[in-house]
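Beneath this line is the structure, given in structure tokens, with notes to follow.
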Amino acid sequence: MVELRPKQWTKNLLLFAGLIFSRHALELDRVARAFLAFAFFCCLSGVVYLINDLADLEADRLHPTKRTRPLAAGELSPRIAKLVAGILALGGLAGSFALNVRFGILATFYLVLMLGYSWRLKHLVILDILIVAIGFVMRAVGGIWAIEYADEHIRITPWFLTCVLFLALFIAICKRRHELILLSDSATNHRPVLEDYSQPLLDQMVSVATAATVISYALYVTLGVRPETVRNHEYMIFTLPFVLYGIFRYLYLVYKRREGGAPEALLLQDGPLLVNLALWLLAMFWVFYA
């Protein structure tokens, strides 16, 4: 179970974003479909993590923390890992298509893209970060398609996709920066693409991603919410301070405490971030459902 990295399944919580933003969070049948979509994506994520660790077996043994994973530590047989990956892939994809055909197609593309990332694409500078961000966007879109019925189409706004993309880029770049600093001279042995990055370059990229995330969300809450769909749309501006605090808190953890290598751990362990996220969700529910 450890090899499937259940702590990182928090990334798949993004599938519930569409449920909230499409104003269907109070419909139990759609909530159930969102939970099923979450479960199927967790299966597919487990497949990706297993294949990724199989591909990085030798490199992980040089990493100060990844060497304790069952595969790298020799506690799990590669043959069993491949068998489990196959079972999870079949189950996850079959369930996704049973839930919704469009969701099943997206889940298939997600799995193929992430497997391609594990084997080759993660070694291509800049493209490696973009693919990670696209994976988050696919989760967000999948969460919307999963709750659709056969005879309907829920509109996905460009604002929603833009906010998700820039936030994902922000987190991915911070993670690369953490890896570069943590591993120091041995960074390229673990992840060869880090040879093409430098701390000043990543700092500039963090600045761009930070500004883009804040500006895109600010534009969304002021211009992107349509009054015909959200009655209290003018109050969306009051959710902006929570986003600002979350971004700045994350930067504080990355630059001051030298964290950020495991975004899912920060989300679960940092109290102020958790409280801020809860307050943002409450504010969103107030605006969308009051």
Can you tell me how much longer the chain between residue 204 and residue 269 gets when fully stretched, taken as 0.36 nm per residue apart minus their C-alpha distance, in nm with one decimal? 20.7 nm
Hits in the range 132-155: amide N under 16 Å from the 7 Å Cα→Cβ extension of residue 196, namely 132-133
Distance in nm between residue 238 and residue 13 label points, each 7 Å along Cα→Cβ, equals 2.3
Spelling out what I want: for every residue of the range 5-16, take phi, set θ = phi - 60°, compute 6.51 cos²θ - 1.76 cosθ + 1.60 (Karplus), and round to whole Hz; glycine and proline get x. 6, x, 5, 7, 5, 4, 4, 6, 5, 4, 5, 7
Once residue 79 and residue 29 are pulled to full extension, the length gained, defined as 0.36 nm per residue separation minus their Cα-Cα distance, is 14.1 nm
Using θ = phi - 60° and the Karplus curve 6.51 cos²θ - 1.76 cosθ + 1.60, what whole-Hz ³J(HN,Hα) does each residue of the range 42-55 get, with Gly and Pro shown as x? 5, 4, 5, 4, x, 4, 4, 5, 5, 5, 4, 6, 5, 6
Using a simple spin-label model with points 7 Å from Cα along the Cα→Cβ vector, what separation in nm is obtained for residue 282 and residue 153? 3.9
Would you list which lysines come within 22 Å of residue 175, measuring only between C-alpha atoms, while excluding same-chain residues fewer than 8 positions from it? 7, 11, 66, 122, 256
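None of the figures in this text is laboratory data; all of them are computed from the coordinates on show. All values derive from a computational prediction rather than experimental measurement. Cβ sites come from the backbone with ideal geometry, for glycine too, and all protein chains shown count toward neighbours.
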